[in-house]
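Structure record follows, encoded as structure tokens.
Computed from the coordinates by the stated procedures, all read-outs in this text should not be read as laboratory data. Keep in mind the model is a prediction, meaning the values are calculated, not measured. Counting neighbours? That spans all protein chains shown, and the Cβs are built from the backbone with ideal geometry, glycine included.
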Amino acid sequence: MNYFKTTILLIALTLLLVWVGSMFGGRQGAVFAFAIAMGMNFFSYWFSDKIVLKMYGAKEVSDQESPAYHGIVKELVDRAGLPMPRTYIIPTQAMNAFATGRNPGHAAVAVTEGMLNSLSREELRGVLGHELAHVRNRDILISTIVATIAGAVMMLANMARWASIFGGYGGRNDEEEGSGGGGFAILFLAILAPIAALLIQMAISRSREYAADKGGAQLTGSPLGLASALEKLQQAAMVRPMDAGQTTAHLFIVNPLSGRSFAAIFSTHPPIEERIKRLRAMA
């Protein structure tokens, strides 16, 4: 059911991108929008893992450098039948974690130093099980594509705003301009289209988080371990929010912007209380 919902939402987001492109520049605009999305997707597919790890100063660690962390990951990937991902530590006392990489064979798991020092072994297993469920479900690729398409919609909306300031739609012909929809189109492109793209992105991200919670709990055999970890991570995020960007917030197990009330309104994560409730019901 989660995958069906994700597929429908992805189709809706893609159609929104093409429609916005068409509104902005006719058929050429639609093709241009699609080409932008394809080019950005290709770049993100190959390089997003390296970019995000470097962005947060993550340091790769071996089993000798962090035996407990490395050992839990090895145990879980053996149980899941996954290749061993690269393991990273982010040098911050904020508590969070994420997985990245274009597929299970090129995956990486990153946890913060603060989380490693604060969670029990069972809680850490829960967090890592959640992240490995993302890897197994290829959610990293899905979220990258979603973020890229949503970004393309927002870019086209910005182009529409500038076009309205300097004289209208470059690619729309006179017949289209005479239809009376020009004012509405500019309003939609400039305001409503980015909001619609953001809402679809949020819905997809939340669906994948619920699926990863369930998959991670099944992998570790301990839903309560993950539930307890989520509770601690949420409390820590309120006290010490991570210095994270809005564009990468969706990657983390809990919203790193929870301490910033305005950013939390547009959270790509489902409510922690609901996630904990579902995990406890599994137990």
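Between Ala12 and Phe47, what is 0.36 nm times their sequence separation minus the Cα-Cα distance? Round to one decimal in nm.
Working: separation 35, 0.36 × 35 = 12.60 nm, distance 2.57 nm.
Full extension from Ala12 to Phe47 adds 10.0 nm.
If Lys and Arg each add +1 and Asp and Glu each add -1, what is the summed charge of the other residues whose beta carbon sits under 9 Å from the beta carbon of Thr268?
Charge balance in the 9 Å sphere: 0.
Grab the Cα-Cα distance for Leu198 and Arg27, subtract it from 0.36 nm times how many residues apart they are, and report the gain in nm with one decimal.
Working: separation 171, 0.36 × 171 = 61.56 nm, distance 2.41 nm.
Stretched out fully, the Leu198 to Arg27 stretch lengthens by 59.1 nm.
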